[in-house]
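Student: Take a look at this one; I'll ask things after.
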Amino acid sequence: MKDIIQVTQSSMPAYEEFCEEIKDLWSSHWLTNNGAKHNKLEKELAQYLNVPNVTLFSNGHLALENAIAAMNLTGEVITTPFTFASTTHAIVRNGLTPVFCDINPDDYTIQTDNLESLITDKTSAIIPVHVYGNVCDVYEVERIAKKHNLKVIYDAAHAFGVTVDGKGVATFGDASMFSFHATKVFNTIEGGAVTYNDHHLKDILTSLKNFGITGQDSVEYVAGNAKMNEFQAAMGLCNLLHVDNEINKRKKIVNRYIEQLSGIKGLKLWQPQENVESNYAYFPVVFDGYKFSRDEVLEALKEQNIFARKYFYPLTSSFECYQGQFEIQETPVAAYIADRVLTLPLYADLTLENVDKICEIIKG
Ligand SMILES: *Cc1c(COP(=O)(O)O)cnc(C)c1O
């Protein structure tokens, strides 16, 4: 049996390190509801991400849903369909209508040339995605948002630790959502956060993740449960100590992929953006006029027990659950990329030998 290479592998601290971190939970017996580790992680993340405010959640999706809820948005929200199900679901589950904007052909983030034409008198916000950790044109998004008095919430699920012009990506917009899912660059097993500049959002976000409870005898919002527990926070505290090292290891792997695959006709590789310090979260390759199709490469890898991923395919705008629910805008660039893109295996402990092996299979 050949070794299996999954598309990703969760980062974990040493077993003993995690045990040491959770030990005192057996004396405190405090497992959730703003525990000591939760509060410590909030503080450490604010520092790491360089933002004034962080509110932790049980997962990234509920962080985004609650960030939207906290801003009292109405009507339409402009977003992109080249993303994980979560982004569009979070909009729709808040009773809002998604309006789909196309993406750039080079970095796959929101196409700002198109954006303004999609704004109507019903638009209340823009929710762009820092897809693959590539940063949106935050300056242009925010210029447009300001002109039309719209809120901006970034889906920064992929962008942990990324900086733009030396500033943390989380400092842009009204809020950003990070996912700390097991498969992300930084994980708390499951987990997520909303980061924001306006400290007035703190109370409402804290209440929304705990049934809308605002005091011992008061419940002011209809809300669910999205609290991060102490075991999740403990994993986060441990992983945070190693995340810079993990990003460095990812960088070496990405550079090896680039070295092996660049200059080949029909392969469009992920490229670093100018002024952005990347976290090397994903390595997408677009097979456009290559001797093999995307699906053929996916199959050839699978035969060798190597699992790449069609990430993202299909577009969220073509999900069955949305058909007939609202008008769906054409996004030709997003559709083109979704049909041709594959993200290759990438995690900190992927060996360079295995990267070479993957590249040999792709080269056929
Ligand atoms: C992972 C992810 C989410 C959701 O995060 P979870 O922590 O899994 O709930 C949202 N948006 C994008 C783009 C993601 O990749």
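Student: If the cut-off is a Cα-Cα distance under 28 Å, which lysines reach Lys146, setting aside same-chain residues fewer than 8 apart in sequence?
Tutor: Correct list for Lys146: Lys122, Lys167, Lys202.
Student: Sketch the reach of a paramagnetic label on Leu241 as a point 7 Å from Cα along Cα-to-Cβ, and name the residues of segment 3-42 whose backbone nitrogen lies under 17 Å away.
Tutor: Only 11-25, 37-38, 40-42 fall inside the zone, counting backbone N under 17 Å.
Student: What spacing in nm lies between the two simple spin-label points modelled at Lys310 and Gln273, each 7 Å away from Cα in the Cβ direction?
Tutor: 2.7 nm
Student: What is the gain in length, in nm to one decimal, between Gln6 and Cys19 on full extension, counting 0.36 nm per residue of separation less the C-alpha to C-alpha distance?
Tutor: 2.0 nm
Student: Which FRET efficiency, nearest 0.05, do Thr351 and Asp217 yield, Cβ-Cβ r, R0 51 Å?
Tutor: After rounding to 0.05, the efficiency reads 0.30.
Student: Right, next: Quote to one decimal, in nm, the extra length available between Gln325 and Asn72 on full extension: 0.36 nm per residue of separation minus the C-alpha distance between them.
Tutor: In short, 88.9 nm is gained.
Student: What length, rounded to one decimal in nm, is gained on full extension from Ser318 through to Ile361, with 0.36 nm per residue of separation minus their alpha-carbon distance?
Tutor: So the extension gain works out to 12.4 nm.
Student: Only Cα pairs within less than 10 Å get springs; with that Gaussian network setup on the chain, which residue of Leu118, Leu240, Leu45 has the largest fluctuation?
Tutor: Leu118
Student: What distance in nm separates the two pseudo spin-label positions at Glu296 and Lys146, each 7 Å out from Cα along the beta-carbon direction?
Tutor: Rounded to a tenth, the inter-label distance reads 5.0 nm.
Student: Here's something else I'd like to know. Output ³J(HN,Hα) for segment 295-304: one whole-Hz value per residue in order, computed from phi by the Karplus curve 6.51 cos²θ - 1.76 cosθ + 1.60 with θ = phi - 60°, and x for Gly and Pro.
Tutor: Whole-Hz 3J(HN,Hα) from phi for segment 295-304: 5, 5, 5, 4, 5, 4, 5, 4, 4, 9.
Student: Indicate the gyration tensor shape class of the chain (rounded, prolate or oblate), computed on the Cα atoms with a ≥ b ≥ c the square roots of the eigenvalues: a/c under 1.5 is rounded; otherwise a/b larger than b/c is prolate and the rest oblate.
Tutor: Oblate is the answer for the chain, as a/c is 1.5 or above yet b/c matches or exceeds a/b.
Student: Moving on. Assign unit charges at the C-beta atoms only (+1 for Lys and Arg, -1 for Asp and Glu), then state the dipole size of the chain relative to its Cα centre in Debye, rounded to the nearest 20.
Tutor: Result for the chain is approximately 320 debye, rounded to the nearest 20.
Student: What is the sum of charges, Lys and Arg at +1 and Asp and Glu at -1, for the other residues whose Cβ falls under 14 Å from the Cβ of Phe172?
Tutor: Summing Lys and Arg as +1 and Asp and Glu as -1 gives -3.
Student: I would also like to ask the following. In the structure displayed, which of Lys43/Lys151; Lys265/Lys363; Lys302/Lys363; Lys151/Lys227; Lys184/Lys310 lie more than 18 Å apart, Cα to Cα?
Tutor: Lys43/Lys151; Lys151/Lys227
Student: Let me ask something else about it. For the pair His29/Asn114, report the inter-label distance in nm, with labels modelled 7 Å from Cα in the Cβ direction.
Tutor: 5.7 nm
Student: If r is the Cβ-Cβ distance from His200 to Ala36 and R0 is 25 Å, what FRET efficiency results, to the nearest 0.05?
Tutor: 0.50
Rule-based calculations on the coordinates, nothing more; no lab input. Please read all numbers here as calculations on a predicted model, not as lab measurements. Neighbour counts are summed over all protein chains in view; Cβ atoms, including those assigned to glycine, are modelled from backbone coordinates with ideal geometry.
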